[in-house]
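Please treat every number below as a calculation from the coordinates, not as lab data. From a predicted model like this one, the values you see are computed outputs, not experimental measurements. Virtual Cβ from ideal backbone geometry, glycine too; neighbours counted across all protein chains shown.
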Amino acid sequence: MPIEFLCPSCSKQLRVPDAAAGKQAKCPSCDNICSIPAATSTAAANVATAHASTAESPPNPFSKPPQSDHLKETNYFPNQQAAAEHPAAVNPYAAPIGVANVGRPEHFKTASRGSRLGGKILDRVLAIVAGLLLGAALALLGGVLAQDEDAAGVGFGIGFAIGAIAWVIFNWVMITKSGQTVGKKMMSTKIVSESTGQVPDFVQGVLLRSIVFAILNQIVPFLFLVDICWIFGDNHQCLHDLLAKTRVVEA
């Protein structure tokens, strides 16, 4: 009959054939190398091991009873094992795994040419209004303090330039934060990166799209006219969009 004994390390009940008596074997639970007792001394060895284990540590009321090796080989709960290995295959109501849409250019609707033109006109008008307001304030201040018409004119010119430039810089900051100038926000459009669909950074949205292209306008004759006409393409992109690799879409 098979030899049954307890592992001296973890008290796991083990069962081996008679031919293994006197040999050594590895416990499948704790990997301890233990000697297999003879068939006649199996009962005494089990009692001694149990007493030694009890003396070393107090009994744990939550521990599971020792399980024989032949029980370990039998899977009485195949569904539980399958659920652990393949939860979606066992549970027909499991939610499917999906990938979140982080926003791509093809998922946006391209802004119409009219809305793009309206946003550009609004930005220019608002910049002029900001310059006029600050210019008028400085002209009034200069005329009152200096009592001179020339001083009032200089004050107006300086104020107009500062006001318009300040408004442009404010719009640049808006582009890096939301992809929208004030005019584009009023027309419900925004600038996105052509490769990611996200708000462009400073280099893409401001440096390439506005500053570099403005410099090229001063060098290349009639470039601004070509830039305007380019909007009649399929993606409604102007030359400055192609340079910065951006698109204007509906917000």
Which residues qualify? For Ile36, with a placed amide H closer than 5 Å and at least 5 residues away or on another chain, they are Gly22, Lys23, Gln24, Ala25
So, relative contact order of segment 108-250 in percent, Cα under 8 Å, 6 or more apart, is 27 percent
As straight-line cross-link partners of Lys245, the qualifying lysines (C-alpha separation under 29 Å, not fewer than 8 residues apart within one chain) are Lys109, Lys120, Lys177, Lys184, Lys185, Lys190
Amide H proximity to Thr189 below 5 Å, modelled H, separation 5+ or other chain, gives Ala251
If amide H atoms are modeled at 1.01 Å from N in the peptide plane, then the residues at a separation of 5 or more from Ser29, or on another chain, having amide H under 5 Å from its own are none
Here segment 178-193 yields Karplus 3J(HN,Hα) values (6.51, -1.76, 1.60; θ = phi - 60°; whole Hz; Gly and Pro given as x) of 10, x, 10, 7, 5, x, 5, 5, 5, 9, 6, 10, 7, 9, 10, 6
For segment 162-171, in residue order, the Karplus 3J(HN,Hα) values (coefficients 6.51, -1.76, 1.60; θ = phi - 60°; whole Hz; Gly and Pro = x) are 5, x, 5, 5, 4, 5, 5, 5, 4, 5
If the chain between Ala20 and Leu243 were fully extended at 0.36 nm per residue, the gain over the current Cα-Cα distance would be 72.2 nm
If the label point sits 7 Å along Cα→Cβ of Asp201, residues of segment 145-182 with amide N under 15 Å come out as 176-177
Among His236, Met186, Ile169, the residue whose Cα sits farthest towards the positive end of the charge dipole of segment 108-250 (+1 at Cβ of Lys and Arg, -1 at Cβ of Asp and Glu, taken about the Cα centre) is His236
Karplus ³J(HN,Hα) for segment 196-206 (6.51 cos²θ - 1.76 cosθ + 1.60, θ = phi - 60°; Hz, whole; x = Gly/Pro) runs 10, x, 9, 4, x, 7, 5, 5, 6, x, 10
